[in-house]
Amino acid sequence: MGRVAAPCSGPGRIVSFLTAVPCLPCKQQRRRHHQSAAVDRGRRSMSEQGKSAASTPASGTPAPGSDTYKGWLFKWTNYIKGYQRRWFVLSNGLLSYYRTQAEMAHTCRGTINLATAHIDTEDACNIVLSSGGRTYHLKASTEVERQRWVTALELAKAKAIRMMNDQSGKSGKILFPGNNRSL
């Protein structure tokens, strides 16, 4: 059975009725349209997420004596999805993250041990955490929120290192963060 073909007379016209294949120029034009639409959706999504994160009340500073700090941050995922909004929980020297607050009950997406992490800032809203050979790029909705997180992270890191050294001190060894070698 032969193919029945029709000449292409514009965007998206069908070249073959049996296989529904568009002509090459129309196919390339459609691909460019989809790529630019995806970029626009990504930009729009980031700005909408930024607005919703900014409208969410700040997690604030932890209460005195409290070792837990929670709040929304944007985490870099990949070049296709870019920054994604994640719920972060800082507790006992560990920074854990989830897709949503409701997910905390059953699925942790990742955990960063702050005792061995390096904390750095990139610009007004960005935080870079390096731990265990991995680098995490996080973004706060405001500069003030970023500073709250950096302060909480540094305090939690110092406390985790002290706890680690206290426990190793009981055995007569002093551990150094990052290499787990004793003195």
_Cβ-Cβ under 8 Å pairs, at least 6 apart or on other chains, the range 113-127 side open to solvent by 30 Å² or more (accessible area, probe 1.4 Å), far side at pLDDT 95 or above and part of a helix (DSSP H, G or I)_ = THR121/ARG146; THR121/VAL150; ALA124/GLU143; ALA124/ARG146; CYS125/GLU143; CYS125/GLU145; CYS125/ARG146
*Here are some residues: ALA152, ALA160. Which one is assigned to a helix (DSSP H, G or I), at pLDDT 95 or above and among the small types (Gly, Ala, Ser)?*
ALA152
*Looking only at the range 97-118, decide whether some residue is within 14 Å of TRP72 (Cα to Cα) and part of a strand (DSSP E or B).*
yes
*asked:* Take the residues in the range 85-103 that are under 19 Å from LYS157 (Cα atoms) and open to solvent by 40 Å² or more (accessible area, probe 1.4 Å); name whichever of them is modelled with the lowest pLDDT.
replied: ASN92
*(1) farther than 16 Å from ALA156 by Cα; (2) open to solvent by 50 Å² or more (accessible area, probe 1.4 Å): which one isn't true of GLY110, the others all being true?*
(2)
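The values are calculated or read from the model by the stated rules, or taken from the named source; none is laboratory data. Source: prediction; values computed, not measured. Note: ideal-geometry Cβ built from the backbone for every residue, glycine included; neighbour counts use all protein chains shown. Just the protein is used for accessible areas: all its heavy atoms, side chains included, with ligands, DNA and RNA removed. Shrake-Rupley method; radii C 1.70, N 1.55, O 1.52, S 1.80 Å.
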